[in-house]
Every structure is written in structure tokens, then in C-alpha cells.
1. Take each of the peptides 65-73, 41-49, average the number of other beta-carbon atoms within 10 Å over its residues, and list them starting from the highest.
2. Can you send over the solvent-accessible area of Thr96, 1.4 Å probe, protein chains only, in Å² to the nearest 10?
3. Given labels modelled 7 Å from the Cα in the Cβ direction, how far is it in nm from Ala103 to Val29?
4. Which FRET efficiency value, to the nearest 0.05, do you get for Val113 and Arg40 by plugging their Cβ-Cβ distance into 1/(1 + (r/R0)^6) with R0 = 30 Å?
5. Between Val66 and Ala90, what is the label-point separation in nm under the 7 Å Cα-to-beta-carbon projection?
Amino acid sequence: MSSRGRPGVRRTGERRSTALGLVRPWGEVVPRWVPGLRGRPIPVPAVAVPAALGAALIMMLCAYGVLNQIFGFVEPMNENGDGFPTSGPAAWALWTTYAPLLAWGPLLAVLTVAYYRRRRANDAPAAVRLEAG
């Protein structure tokens, strides 16, 4: 089945591509196949600001999810009207599969800072780079 019928699959791919754009060259220069813009450098804020906002949003959502699970601000309900499992093997399965998602926001923030520093260092004038190095 194509990803057109499954929007979650497409969105996941877009998120992964956004993170990869922070470490790959196609996050620095517009690709050749884009008419009128090909080969132009992408401004640092055009990449770093949305990535930083995304990292902050992901961290806030994860913090809310964890705190909600611990303190029960809102009782999560599934289609049967039952809450999510809080003990036993089902709870372990829930936490072990979702726990790696807690690292997504902080790792995206680290990638964003690295991208910003790398691009700023590369965009510095040659005279400044010679003095520093």
C-alpha cells in the first residue's frame, strides 16, 4: 500500500528527512532539481528555527505524556473505555516500545545546535577563520 493512503507513514518519513537534513548536505544547499533556486544556500535560520521549535514541542509532548502517566492528569481511554495498562506485561510492553521516543526531542535539539554551529563556522569570513585556526 502506498504512503498516500496512510498519512502517518508519510509524516514519519518527513520527520526523519528533517532530522537527516541537519546532517546531510541537502540541508545546506537547495537541490539541483528545484527550478529557480537550485544551488543556492539555505539560510541557517530557515532550518535551525523550525528544528529548534520541533525539538521543543516534542520534548513538551513527551514530558506531558510521562507526567500524565505518572500523575494521571487525564485518564487515557482506548476504544473499549478502559485505561492504558498500568501494571503487568502489557505495561512493560507499552513502556519499552515508547521509551526510545523520549530521546527524540533531546537528540533533535543536539542535531539542531550542531547544525547551527557547523553552518555558522562555515559561513564565517575567510579572515576570521584564518585568525582562529
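1. On the way: 65-73: 11.7, 41-49: 13.9.
Result, highest mean Cβ count within 10 Å first: 41-49, 65-73.
2. 90
3. Taking the two extended label points, one gets 3.3 nm.
4. 0.80
5. Modelled inter-label distance: 2.4 nm.
The values are calculated or read from the model by the stated rules, or taken from the named source; none is laboratory data. Everything numeric here is computed off the predicted structure, so don't read it as measured data. Every residue, glycine as well, gets a Cβ built from its backbone with ideal geometry; the counts of neighbours run over all protein chains shown. The accessibility values were calculated without ligands, DNA or RNA, using every heavy atom of the protein model including side chains. Shrake-Rupley method; radii C 1.70, N 1.55, O 1.52, S 1.80 Å.
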